[in-house]
1. Can you pull out the GluC sites (Glu not before Pro) in region A:224-325 whose DSSP state is coil and whose Cβ has at most 15 other Cβ atoms within 10 Å?
2. Work out from phi, with θ = phi - 60° and the Karplus expression 6.51 cos²θ - 1.76 cosθ + 1.60, the ³J(HN,Hα) of each residue of region B:269-276, listed in order in whole Hz, and give x for Gly and Pro.
3. Of all GluC sites (Glu not before Pro) in region B:95-147, which ones are in loop regions per DSSP and have a Cβ with at most 16 other Cβ atoms within 10 Å?
4. Going by amide H atoms built from the backbone, whose H comes under 5 Å of the H on A:VAL41, apart from near neighbours?
5. Any idea which of A:ILE189, A:PHE297, A:GLY158 is furthest toward the positive side of the dipole for chain A, if Lys and Arg beta-carbons carry +1 and Asp and Glu beta-carbons -1?
6. Counting other beta carbons within 10 Å of each residue's own, what order do B:SER29, B:SER54 fall into, fewest first?
7. Quick one: work out the % antiparallel among DSSP beta bridges in the protein assembly as shown, nearest 5.
8. Any chance you could run the full-extension gain for B:ASP279 through B:ASN150? It's 0.36 nm times the residue separation minus the Cα-Cα distance, nm to one decimal.
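Each value in this text was obtained by applying a stated rule to the coordinates, not by laboratory testing. Everything numeric here is computed off the predicted structure, so don't read it as measured data. No Cβ is skipped: glycine too gets one built from the backbone with ideal geometry, and neighbour counts run over all protein chains shown.
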Amino acid sequence: MPENRKKVLEVKHLKQYFGVGKPGMVKAVDDVSFDIYEGEVFGLVGESGSGKTTAGRSIIHLYNPTDGQIIFNGKDVSSFKSKQDKLDFTRNMQMIFQDPQASLNPRMTVEDIIAEGIDIHHLAKDKADRRKKVEDLLETVGLNRDHASRYPHEFSGGQRQRIGIARALAVEPSFIIADEPISALDVSIQAQVVNLMKDLQVQKGLTYLFIAHDLSMVKYISDRIGVLHFGKLLEVGPADDVYLKPLHDYTKSLISAVPEPDPEFERTRKRVPYDASIEKDKEGQPRKLREIVPGHFVRCSEAEIPFYKERAEKYETTEQPLPTV
Amino acid sequence: MGERILDIKNLQINFHTYAGDVKAIRDVSFHLDKGETLAIVGESGSGKSVTTKSLMGLLANNARVVGGQVLFHGEDILKKSEKQMQNIRGKDIAMIFQDPMTSLDPTMKIGKQIAEPLIKHKHVEKRKALAQALEILKLVGIDQAEKRMNDYPHQFSGGQRQRIVIAIALVCYPEILIADEPTTALDVTIQAQILDLMKELQQKIETSIIFITHDLGVVAGMADRVAVMYAGQIIEYGSVDEIFYNPQHPYTWGLLNSMPTLSSTNLEAIPGTPPDLLDPPKGDPFAARNPYAMKIDAEEKPPFFKVSDTHYASTWLLHPDAPKITPPDEIVRRRKVFAAMQASAN
């Protein structure tokens, strides 16, 4: 049960505003809180503009959060002052980026790209050790040892994303943020990369924050899922529950729009329209994430709890239509 | 299905590069009937976009059509001059591209952009053309259409822009609409809206659609027939039910197996990468990645074997002498659904 598992990351009331004080201020992430436990994959889904990428970047401190706390392994990330603290943080938390084309320096060899972290953290004894570490990493991610001396342009998109994964693994982190790691790849390659990430997670006991808009892929890899919309977290729960028993109207609508490779299911599918205006809080009834079923949270006000409880109960009594294959 | 409007026969296209000729399209044949939606499925580099660009006469300068015919109402499009093509393009055959931002002119009001094909192709008077543009803008579901006619592309969201692109493509009521990954750049909820819109408009103006995508989920909802492309060739084609519930080619199996569904617990990735088309393999192009490959797959390209009147697949596994193999679990499950469908149809 999650209660007795160790919390690796606690995000508390994270706010990330852009253009503060200007007329066009954007609340990209607005009061988002969630925890990630050791060894789990937490999926963050949302449409473009929902703030999922911003949330990931704020957590790893590529942005300075406007407000809120990010507590990693029990320490507040923004309190880090000394260089050593910051180095420890970056060594433990790594990121895999969306675009494997843009995230690898075209002028560096694969060896130098992967070993950059190794150099900064002084993890290699000498040149031979550095080379060996890089070659081992290449093998771990399913590339050849002799790829080390090549340049990024010599690789396909899927291979480049593997290099990005090897770079993230080089400093032996415990936590990896993957920001849409597969959306730039072809279908048959997507499965390869996702399976690689899943295998690595098991082998190395990693914890992932997996950010994506592809809901079926997120469900496949994640243990728990958070649904983000307009910078607010609307629903959090175990992956299966969020998908099969969605509580929030927005989640329902989102899932009803995911195309399934099943013609029979597509013919009978009913799309659920969603009106975002219901997200506006009523006066005196502040909304926040509240637990409806154990482990399954939805953003609602005190008064709305019975409504969601009833909805959750309905799922237990009625069968949900699933794809036939 | 209705009358046959497009017939592509043995199309072969090469791209000339410094490294040699890339054989991008290698003997591709398919047809399109009136009012139907044909989905062409494949990965990047499989040749699906090149095929459709040749229909529009929009091939890159280094492309050469080495052989084959593209018959549109019995006339070979490949033989037409650029001037003749300009009369077909946008009028009889229209296209929607993947990225709605780059396919609109940023310096032109969208009302004028929608009216432009009418003025150019149908010689409609400007005021009437703008009135028709307004009608179609309403049809594709842009709110306050009168007002928005005078807006520029950057004032619209991605989904709205794609609606405008669709409006431009459909304003002349084309016979064929080619949609090249029209929803790949959009969010799922917007994608669902655009797909519904396309289906609705297709019925209204009776156009035929060639839908290019790598997303099998989208195909399942849109297509009447499906052609699967790999390494510049069609390797299997059939009705949407035949491809999804009774697939025959191991590559089609692989594609279906590597797509996560809401109920899937296991993803089987296809190992390896597609072959280099500078020097295409001489046998079945998928052989190197195919766990079911036989000796002959490396030596000789399999012909199309008939599965049903509408379903053909190019794999030696269908040869009467081929050993019996058990497909992946996912495919076995799908075939069970197919058997049940057939039983209930009879």
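1. Loop-located and lightly packed - A:GLU283, A:GLU319.
2. Once rounded to whole Hz, the list reads 6, 7, x, x, 10, x, x, 7.
3. Here the GluC sites (Glu not before Pro) that fit, given the DSSP loop and packing criteria, are B:GLU125.
4. Counting only residues 5 or more places away or on other chains, the set is A:TYR208, A:ASP223, A:ARG224.
5. Of the candidates, A:GLY158 comes out farthest on the positive side.
6. Going from sparsest to densest Cβ surroundings: B:SER29, B:SER54.
7. In the protein assembly as shown, DSSP labels about 60 percent of beta bridges as antiparallel.
8. Additional length available on full extension: 41.3 nm.
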